[in-house]
Amino acid sequence: MPNIKQVLEPEKYYHIYNRGINSCDLFQENANYEHFLRLYEKYIDPIADTFAWVLMKNHFHLLVRIKSKVEIYKNLEGFENLRGLKPEKRIYQQFSNLFNAYTKAFNKKYKRTGSLFESNFRRKLINNESYFKNIVVYIHNNPAHHGFCEHILDYPWSSYLTCISIKPTKLKRETVIGWFDDVANFKVLHNKNINFDEMNKFLDI
């Protein structure tokens with residue numbers, strides 16, 4: 001199972017996910033998704049490269065590679081509250097800042113109090129090549145699996161549409177497509193019938 005206490009180390013890949021506390025909704029309208037992505041860019045882009053993501057109504061999945069120590073120190077140079085922290089602590093603090101900032105905005109908008117996310121986000125170190133393609137397919141197919149759309153093309157809050165686009169993006173699209181050899185094969189593998197029970201076992205989710 002993903003380790004909620006595993007240290008996020010520079011230059012390593014992780015599958016990261018979390019859900020609303022007591023499975024509560026994290027997103028109630030489009031503006032929520034948009035704000036989360038803005039905060040993600042602010043807090044996570046400086047410390048990690050993103051390869052795949054999906055935001056669901058009550059949970060999310062990310063596939064990231066933590067940047068090098070040199071990049072992290074350079075990108076976080078102006079963050080006063082991170083001075084003196086070791087790289088591993090800085091990395092974790094950035095995720096904490098993301099969730100805290102989003103929770104604060106969400107609670108204010110909907111006049112609620114208390115935690116929004118489960119206390120510790122789950123993370124699984126990825127060091128198996130076969131995991132990469134499978135987790136990307138799993139992430140992008142989550143909306144269809146949970147009944148939020150008939151086809152993943154119809155779901156706007158994932159990286160699938162970005163992967164098949166040619167528009168400029170910070171997503172590591174070329175690397176992702178490279179795992180599938182080309183865009184055509186990327187689409188084929190995403191459109192296959194997926195046994196999510198078997199996928200969950202393989203991915204150890």
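Tell me, what is the FRET efficiency for Met199 and Gln6 to the nearest 0.05, using R0 = 22 angstrom and their Cβ-Cβ distance as r? Don't skip to the answer; put the middle values down first.
Details: r = 21 Å, r/R0 = 0.97.
That pair, Met199 with Gln6, gives E of 0.55.
For Ser68 and Val183, compute 0.36 nm times the residue count separating them, minus their Cα-Cα distance, and round to one decimal in nm. List each step's numbers first, then the result.
Working: separation 115, 0.36 × 115 = 41.40 nm, distance 2.86 nm.
Extending this stretch completely gives an extra 38.5 nm.
DSSP loop trypsin sites (Lys or Arg not before Pro) in segment 168-201 with at most 11 other Cβ atoms within 10 Å of their Cβ, which ones? Numbers along the way, then the final one.
Working: sites: Lys170, Lys172, Arg173, Lys187, Lys192, Lys201; in loops: Lys170, Lys172, Lys192.
Counting only loop positions with at most 11 other Cβ atoms within 10 Å, the trypsin sites (Lys or Arg not before Pro) in segment 168-201 are Lys170, Lys192.
Two decimals is fine: what is log10 I(q)/I(0) at q = 0.09 Å⁻¹ for the chain, from a Debye sum with one equal scatterer on every Cα and no solvent?
Per q value, in the given order, log10 I(q)/I(0) is -0.34.
Taking 41 Å as R0, compute the FRET efficiency from the Cβ-Cβ separation of Lys109 and Asn75 and round it to 0.05. Intermediate results must be reported in sequence, preceding the final value.
Details: r = 29 Å, r/R0 = 0.71.
E between Lys109 and Asn75, to the nearest 0.05, is 0.90.
Which GluC sites (Glu not before Pro) does segment 17-121 hold that lie in a coil by DSSP with at most 10 other beta carbons within 10 Å?
Here the GluC sites (Glu not before Pro) that fit, given the DSSP loop and packing criteria, are Glu29, Glu77.
Among the lysines, select those whose C-alpha is under 19 Å from the C-alpha of Lys74, and discard any that sit fewer than 8 residues away in the same chain.
Lys12, Lys42, Lys86, Lys89, Lys170
Tell me, what ³J(HN,Hα) does each residue in segment 113-122 have, in order and in whole Hz, if you take phi through Karplus 6.51 cos²θ - 1.76 cosθ + 1.60 with θ = phi - 60° and put x for Gly and Pro?
Result, rounded to whole Hz: 10, x, 5, 10, 9, 4, 4, 10, 6, 8.
Neighbouring Cβ atoms within 10 Å as the yardstick, rank His35, His151, His61 fewest first.
On the way: His35 16, His151 12, His61 21.
With the fewest neighbours first, His35, His151, His61 line up as His151, His35, His61.
Each value in this text was obtained by applying a stated rule to the coordinates, not by laboratory testing. Note that the structure is predicted; figures quoted are calculated from it, not measured. Neighbour counts run over all protein chains shown; Cβ positions are idealised from the backbone, glycine included.
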